[in-house]
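Peer 1: Have a look at the structure that comes next, please.
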Amino acid sequence: MVLPLPEETLLEMYWTMLLSRRLDERAWVLHRQGKIAFHISAIGHEAAQIGAAYAIRRGYDWVAPYYRDLTLMLALGYTPREFMLSLMGKKGDPCSGGRQMPNHWSLKRANVISHSSPVATQTSHAAGIGLAIKLRGEDKVVLTTVGEGSTSQGEWYEGVNWAAVHKLPVVFIIANNLYAISVRQEQQMAVANAADKALGLGLPGVSVDGMDFLAVYEVMKEAVERARNGGGPTVVEAKVYRITPHSSDDDDRSYRSREEVEQFKRRDPLLIARQKLERAGILTAQRVEELEQRAKETVEDAVRFGESAPYPSPEEAAFPVYAEDARYA
Ligand SMILES: Cc1ncc(C[n+]2csc(CCOP(=O)(O)OP(=O)(O)O)c2C)c(N)n1
Ligand SMILES: [Mg+2]
């Protein structure tokens, strides 16, 4: 197999996917223990996110993510300790100082902008940043993500259309996990692939197996290069599956069969990555065990750190979520 990236980088990608999974699983437990109020999961989406993260210049390009992007955020340098601060609504949460819901990411040092809860609002933010980049003559790219259900929103079409008209350097990812909470894809779009919507807006739309991190990386690399070189935006649809319920408030047994979930679990993106790297001679069973141990220690350290961290003071509830403010100093 010809490897698209150096061995060390591939191992780093695997490590971040593994860490994301173990942090995510721990978050579900924390929720069931009554220690956090809410969790929304990236389990099943890890490969799509890591493939996208490694196609951009992290810390240089701009990112407007959505709530499932834990793996993407970790790849951008968001730490496990910071994730726990966010989950627990603690003062040190870099996304909002504990003022936003968990997973409403932002990370100034990594050029990740804050987003709002109405889905697809980040699409027009991304188009706006793309326009600013073009006007300034910079060579940066914007990466933005939504779920397939969110592509039914008018704002998604508006943002993508604007970027297509002005050939803006934006890559619009659709994480297609087949469901918008309980609503299946066929119930809200007549096209087979969400990326087919790009055709009517005049930009390329590509669908890729989102369970395979290398397949996503290849497609994303091309889209990012096109954007950076003035070729305009691309819609990239990563076909994934949400292995967990929509969020900690959802019971997915009411709208999908256990057989379906089990069937998709056989294509677990972490398993596929492990098999690929083992076949390439990069990963061994022993190395996997070492990484598992390291992940366990990292997660437990993050939980302890989060639990012992202070809450914000009541007056901080009125502070801004993202804007610079002297009161942060
Ligand atoms: C404009 C708007 N409508 C409804 C909601 C409630 N809501 C939150 S997540 C979600 C499902 C979105 O599904 P999809 O875009 O497929 O993303 P997924 O959660 O499947 O990753 C909905 C309907 C919302 N946040 N914003
Ligand atoms: Mg969805």
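Peer 1: If the elastic network links every pair of Cα atoms under 10 Å, which of A64, A110, A317 fluctuates the most in the Gaussian network model of the chain?
Peer 2: Looking only at A64, A110, A317, the biggest GNM fluctuation is shown by A317.
Peer 1: Assign unit charges at the C-beta atoms only (+1 for Lys and Arg, -1 for Asp and Glu), then state the dipole size of region 1-70 relative to its Cα centre in Debye, rounded to the nearest 20.
Peer 2: 380 debye
Peer 1: Still on this structure, I have one more. With unit charges on the beta carbon (Lys/Arg positive, Asp/Glu negative), name the residue among T284, P314, T16 whose Cα is farthest towards the positive pole of the charge dipole of the chain.
Peer 2: Looking along the dipole axis, the top candidate is P314.
Peer 1: Tell me which lysines have Cα within less than 19 Å of K134's Cα, excluding those fewer than 8 residues away on the same chain?
Peer 2: K167
Peer 1: Picking from Y60, A195, G98, whose Cα lies most toward the positive end of the charge dipole for the chain (charges on Cβ: Lys, Arg +1; Asp, Glu -1)?
Peer 2: Y60
Peer 1: Return a whole-number percent for the relative contact order of region 10-90, with Cα pairs under 8 Å and 6 or more residues apart as the contact set. Numbers along the way, then the final one.
Peer 2: Numbers: 61 pairs, mean separation 30.0, N = 81.
Normalised by residue count, the contact order of region 10-90 is 37 percent.
Peer 1: With r defined as the distance between the Cβ atoms of R279 and K35 and R0 fixed at 41 Å, what FRET efficiency is calculated, to the nearest 0.05?
Peer 2: FRET efficiency, R279 to K35: 0.55.
Peer 1: For the chain, what % of the accessible area comes from carbon and sulfur atoms, probe 1.4 Å?
Peer 2: The computed percentage sits at 53.
Peer 1: Now for a separate question. Over the chain, give the accessible area per residue in Å² for a 1.4 Å probe, as an integer. Please list the in-between numbers first.
Peer 2: Working: 14000 Å² over 329 residues.
On a per-residue basis, 43 Å².
Peer 1: So which lysines pass the test for K35, namely a Cα distance under 24 Å, with those fewer than 8 places away in the same chain ruled out?
Peer 2: Within the straight-line limit of under 24 Å, K35 reaches these lysines: K90, K91, K296.
Peer 1: Only helices at least 30 Å long along their own axis, judged from Cα atoms, and with Kyte-Doolittle mean hydropathy of -1.0 or greater: name those in the chain from DSSP H.
Peer 2: Once both thresholds are applied, what remains is 7-32.
Peer 1: Just need the relative contact order of the chain here, percent rounded to a whole number, with Cα pairs under 8 Å and 6+ apart.
Peer 2: Details: 609 pairs, mean separation 75.1, N = 329.
Reported as a whole number, the value is 23 percent.
Peer 1: To the nearest 20 Debye, how big is the dipole of region 112-166 about its Cα centre, given +1 on the beta carbon of each Lys and Arg and -1 on that of each Asp and Glu?
Peer 2: Roughly 160 debye, rounded to the nearest 20.
Peer 1: How high is the FRET efficiency from D196 to W15, r the C-beta distance, R0 56 Å, rounded to 0.05?
Peer 2: Working: r = 35 Å, r/R0 = 0.62.
So, using R0 = 56 Å, E works out to roughly 0.95.
Peer 1: Identify which of G44, G77, G159 has the largest mean-square fluctuation in a Gaussian network model of the chain, with springs joining Cα atoms closer than 10 Å.
Peer 2: Largest GNM mean-square fluctuation: G77.
Peer 1: While we're on this one: Give me the one-decimal nm value for the distance between modelled label points at A318 and R304, 7 Å along each residue's Cα-to-Cβ direction.
Peer 2: 3.9 nm
Peer 1: Where nothing but the Cβ of Lys and Arg (+1) and of Asp and Glu (-1) is charged, how large is the charge dipole of the chain around its Cα centre, in debye to the nearest 20?
Peer 2: Taking the Cα centre of the chain as origin, the dipole is about 240 debye.
Peer 1: Right, another one. Indicate, rounded to the nearest 5 percent, the antiparallel portion of the DSSP beta bridges found entirely in the chain.
Peer 2: Antiparallel: roughly 10 percent of the beta bridges in the chain.
Peer 1: Please state the relative contact order of region 1-149 as a whole percent: Cα pairs under 8 Å, 6+ residues apart? Show your work: numbers first, answer last.
Peer 2: Values: 207 pairs, mean separation 33.6, N = 149.
Normalised by residue count, the contact order of region 1-149 is 23 percent.
The values are calculated or read from the model by the stated rules, or taken from the named source; none is laboratory data. Just so you know, these numbers come straight off a predicted model, no measurement behind them. Don't worry about glycine lacking a Cβ; one is built from the backbone with ideal geometry, like all the others, and counts go over all protein chains shown. We work out accessible area using only protein heavy atoms, side chains counted, and drop any ligands, DNA or RNA first. Shrake-Rupley method; radii C 1.70, N 1.55, O 1.52, S 1.80 Å.
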